[in-house]
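Heads up: the structure comes next, in structure tokens.
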Amino acid sequence: MASVHESLYFNPMLTNGVVHANVFGVRDWVTPHKMALLVLLSELGRAGAQLGLLERRRLNRLLLPLLQGPDMALSRLRKAIEECCPHLAGSVHIRLKLMAEGELKDMEQFFDDLSDSFSGTEPEVHKTSVVGLFLRHMILAYNKLSFSQVYKLYTALQQYFQKDEKKNGADENEMELTNPEELDGKMEKEELDGPLREEEIACSGPLSQKQAEYFLSQQASLLKNDETKALAPASLQKELNNLLKFNPDFAEAHYLSYLNSLRVQDVFSSTHSLLHYFDRLILTGAESKSNGDEGYGRSLRYAALNLAALHCRFGHYQQAELALQEAIRIAQESNDHVCLQHCLSWLYILEQKIFDSCVLLEHSVNKSLHFGLPYLASLGIQSLVQQRAFAGKAANKLMDALKDSDLLHWKHSLSELIDISIAQKTAIWRLYGRSTMALQQAQTLLSMNSLEAVNVGVQQNNTESFAVVLCHLAELHAEQGYFAAASEILKHLKERFPPNSQHAQLWMLFDQKIQFERAMNDGRYHVADSLVAGITALNSIEGVYRKAIVLKAQNQMSEAHKLLQKLLIHCQKIKNTEMVISVLLSIAELYWRSSCHTIALPVLLQALALAREYSLQYLASETVLNLAFSQLILGIPEQALNILHMAIEPVLAHGAVLDKGCAMFLVAKCQVASAASYTPQKKTEALESAILNLNEAKTYFAKVDCKEQLRDVLYFQARLFHTLGKTQERNKCAMLFRQLHQELPAHGVPLINAFK
């Protein structure tokens, strides 16, 4: 089940995905790239009505990122303009060529002519528009330049243009030497590569204030909404270091560096950047300007709170507790109730690692509602629901509580918490064994659109909630035998959450588990054993459990029993009830295989009591099936049939295909065993019914390619057809059995010594 407290990190940079940056001492200046933009604006004004509506619309959409973004090569700029309006790109190139190959006075005249754009009763550009402000900033920056600086600018313009000319000449020579097929492949590759992010931000000098703000806001928004579109961690850190080299007091750059370090789980760098962020915030006085005298103390307490959150994220609970105590002390001195509520939420998380306590959480929810903090209140409700789900509370009460929190979400448009709530419902239904309801909730979240405004081309809701839901969806499809569909979902997860992203471990674990189940079904135990190491690295409990399953399948009973006993003690200690029940069922199966049938009964009754106490309906049904199997072994098939009717309905409605097949196979075995005392006519009817159930079981096993179980079913069917005198059907089953028996290891045909 997903953690619902990931969003408790205090993030002073992000307000609806926008960074509020303040680059101290950095101003706008004229560069060759900005002169090219000025030429574009000038030519756009000259074109006037000659431009079509579609071309003008494309150019308007292009202008904003060009004005806000960092400098780029002239060839790239020209290519972008050509895509919108080819003839305008030619005019810009000619105008720049005349200026670069002309004299200095041509550039002077160009800037003098720019002021004419604002003259007249109906000027081409309004002074307060985005374009107007850009023009005025550039004119003002140019007028402040000394003569030597103007000459350097002119020289830079010439070099900027000549570099493009040389590149075009080299490209033309390459086109002459390259055959058309290779050229087409190269162009196609460039188109597929998309925008060159690193090239866009590469510049010879420091970014201006607006460029830095745009760069930080863009990267922060991408890290939040679509991490795959953001720069790679190494590239982003390189650019941030370059930015900080020219302005070390740029506090928000340190914070983005902190977020970037969290992506790669770098403890040292993330702590270093976080402390630098708050140090710079205090030294520059930014907080004091916005919050008066409280600014200094506010920075200190939120610094301690963020440090506690950071240590908690990396599992350093003792250091987190010390930092949290410091934050609480400073917040109490300043009477900051908002900070105290954040501290209370984190205090619950830390204490949850030691013992289960709902008191802190309930107090936090009440206080958050009192102080008008719906986000924190909703997170508290989500955590309470999660805790009570593990404690075995009824599903209807949990859903009522989630419904109340959903009202808060929709009232305050808390999009992220709406996603968390639906993911939580999906996980709860999976925990309780209601796969149909889990599937419905997963589809609901996937079909929703985000309430947050994000840029075109950016994936919406690229969050942990979506990763959790997609993982559950992949597992549900795999359980029903739709392995191709599960592979497609996992492929989408790999594209959406690359291996270096923070939520990649979710799909990695599910991918390994699905591969493990397929290998076990197919009888390839050596392949399953090789996957155990990967599962253990991602989840140690799951890894140890699956290692025991492999040992059991390889008939290494004593080793499997020792491993399961150690795992049982550990899971009981950490109160992982779901795994405790699964381990007890595996131990019971070991006792069957060792012919200790009576010892298995108390173990199964213990598992059944736990499953019913914690409302784990599906595990309870599976335990009842195991009890029925025990009764069959002990020679009371009639009683086994009676309790099978209690458990088989939930398994057929919500169970995996393999479990359905095992259940129907068990029903057939019980029917055959019970028919021994029937009259001949009634016995024949019972055997006919058993054959029908075996056909259904065979269909289920074939769906998941479970060859060992198929072999057992075919053997059993052949014996039944022989008893009924149906020679043709018997021979057909015998032939299919022989084919499978030759493929699989020859270790006998177990009919009643294992349930699965």
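The values are calculated or read from the model by the stated rules, or taken from the named source; none is laboratory data. Just so it is clear, the model here is predicted, and its values are computed rather than measured. Note: ideal-geometry Cβ built from the backbone for every residue, glycine included; neighbour counts use all protein chains shown. Side chains are part of the model used for accessible areas, which takes the heavy atoms of the whole protein and leaves out ligands, DNA and RNA. Shrake-Rupley method; radii C 1.70, N 1.55, O 1.52, S 1.80 Å.
With a 1.4 Å probe and all protein chains in place, put 155, 31, 128, 727 in order of accessible area, largest first.
Working: 155 40, 31 15, 128 120, 727 75 Å².
These residues rank, largest area first, as 128, 727, 155, 31.
Bridging of residue 397 to lysines at a Cα separation below 21 Å is possible for 425, once same-chain residues fewer than 8 apart are set aside. Between residue 149 and residue 113, residue separation times 0.36 nm minus the direct Cα-Cα distance comes to 11.0 nm. Determine the alpha carbon to alpha carbon distance for each of 491/698; 660/707; 552/660 and list only those over 19 Å. Correct reply: 491/698; 552/660. Sorted largest first by accessible area at a 1.4 angstrom probe radius, with every protein chain in place, the residues 271, 679 fall in the order 679, 271.
For segment 32-167, build the convex hull from the C-alpha positions and give me its volume per residue in Å³. Numbers along the way, then the final one.
On the way: hull volume 14.7 nm³, N = 136.
Dividing the Cα hull volume of segment 32-167 by its residue count gives 108 Å³.
Sorting 42, 257, 487 by solvent-accessible area of protein heavy atoms yields 487, 42, 257, largest first, with a 1.4 Å probe. A simple charge model with +1 on the Cβ of Lys and Arg, -1 on the Cβ of Asp and Glu and nothing else charged puts the dipole of segment 32-167 at about 520 debye relative to its Cα centre. Rolling a 1.4 Å probe over the protein heavy atoms leaves residue 359 with an accessible area of roughly 110 Å².
Please name which of 81, 156, 70 has its Cα lying farthest along the dipole of segment 32-167 towards the positive end, using unit charges on Cβ (Lys, Arg +1; Asp, Glu -1) and the Cα centre as origin. Positive-end residue among those listed: 70. May I ask which of 105/152; 513/575; 79/167 have a Cα-Cα span longer than 18 Å here? Cα-Cα > 18 Å for 513/575; rest within. Our note on the geometry: Cα centres of segment 62-104 and segment 663-735, 78 Å apart.
Heavy-atom accessible area for residue 116, with the other protein chains in place and a 1.4 Å probe, reaches approximately 90 Å².
Residue 517 sits with roughly 80 Å² accessible to a 1.4 Å probe, with DNA, RNA and ligands left out of the calculation.
Can you give the extra length, in nm with one decimal, that the chain gains between residue 319 and residue 612 once fully stretched, where that is 0.36 nm per residue apart less the Cα-Cα distance?
Numbers: separation 293, 0.36 × 293 = 105.48 nm, distance 3.95 nm.
Between residue 319 and residue 612, full extension yields an extra 101.5 nm.
List the lysines whose alpha-carbon lies under 16 Å from that of residue 229, not counting same-chain residues fewer than 8 positions away? In chain and number order, the partners are 494. With contacts taken as Cα pairs under 8 Å and at least 6 residues apart, segment 32-167 reaches a relative contact order of 31 percent. Residue-wise HN-Hα couplings along segment 680-693, as the Karplus relation 6.51 cos²θ - 1.76 cosθ + 1.60 with θ = phi - 60° gives them from phi, are x, 5, 5, 5, 4, 4, 5, 5, 4, 5, 5, 5, 4, 5 Hz; Gly and Pro carry x.
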